[in-house]
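Let me begin by handing over the structure; questions about it come next.
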């Protein structure tokens, strides 16, 4: 699956808006446009402007967004710089 | 220094600098940070410069294509960029030139993005550290080159973090966007189908 890497959630939003949608060249691609808006909103809520404050460019703000943490990846960090994040 | 695409777009709208200025800076970073091994293949600078000049003109006329107009980006080496080698960082595919843009690439080009080149990766995406790159190269983490940048979209993360590009397109099957984003202090998104 193709996806963006950027410096802020706002930038992800801009790139994702440009690349989102069905790919006629990819048989695995799905056209979600026929789904009702509420259903689509549920699937894309992390990029919904109402869920993320994108008003400030340098203020990545996930206020209100529920996130999951995979505990297996939370290894005891050896580098103090990682602990500070 | 500007840090995000949106901030950059505001500056270009205000005329603080042009897409050509930005390209020159980014290309300078590409030249000075080759030790990070973020890229596999670069486009011809003059070709990208022409696209930047076209973006310059659009901004001058007040008709930019949007927030992505004139933004330099990198594309992972397993995604087609027309005219560039698409090898998935494998010598098995050395010399294979993409005959067309991938849909993702085409959409970004249509929005005015300046594709600089293809980003290094773990060969065929089979890695999580960026240490099995093209011709055995190890991609370095710009935060500390002694550390790995995560993979397999290693060059994507490294190029963005080191401002050789403002954004990159990676691919993710089992964490290949999320992990390098995490290791390099970036934001990544693995979209759902559709």
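Each reported figure results from applying straightforward, stated rules to the coordinates on display, with no laboratory input. The shown structure was predicted, so the numbers you read here are calculated from the model rather than taken from an experiment. Neighbour counts run over all protein chains shown; Cβ positions are idealised from the backbone, glycine included.
So what's the angle, to the nearest 10 degrees on a 0 to 90 scale, between helix B:19-32 and the longest Cα principal axis of chain B?
Taking the Cα atoms of chain B, the angle to B:19-32 is about 30 degrees.
Can you tell me the order of B:6-18, B:150-162, B:63-75 when each peptide is scored by its average per-residue count of other Cβ atoms within 10 angstrom, highest first? Could you put the intermediate results ahead of the total?
Values: B:6-18: 16.2, B:150-162: 33.0, B:63-75: 23.5.
So the peptides B:6-18, B:150-162, B:63-75, ranked by packing, come out B:150-162, B:63-75, B:6-18.
Hey, in the GNM for chain B with a 10 angstrom Cα cutoff, which one of B:137, B:41, B:173 fluctuates hardest?
For chain B, modelled as a Gaussian network with Cα springs under 10 Å, the answer is B:173.
Between helix B:45-60 and chain B, what is the angle of the helix's C-alpha long axis to the longest principal axis, kept within 0 to 90° and rounded to the nearest 10?
Helix B:45-60 sits roughly 40 degrees off the main axis of chain B.
Using label points projected 7 Å from each Cα along Cα→Cβ, tell me how many nm separate residue B:173 and residue B:34, to one decimal.
About 3.2 nm, to one decimal.
Pairwise over distinct Cα atoms, reciprocal of the mean inverse distance: report the Kirkwood radius of chain B in Å, one decimal place.
Numbers: mean 1/r = 0.0610 Å⁻¹.
With all distinct Cα pairs of chain B included, I get 16.4 Å.
Sorting B:46, A:22, B:123, B:94 on the 10 Å Cβ count, fewest up front, what's the list?
Working: B:46 7, A:22 14, B:123 23, B:94 10.
Lowest count first: B:46, B:94, A:22, B:123.
To test your reading of the geometry: what angle, between 0 and 90 degrees and rounded to tens, separates the Cα axis of helix B:5-14 from the longest principal axis of chain B?
For helix B:5-14, the angle is close to 20 degrees.
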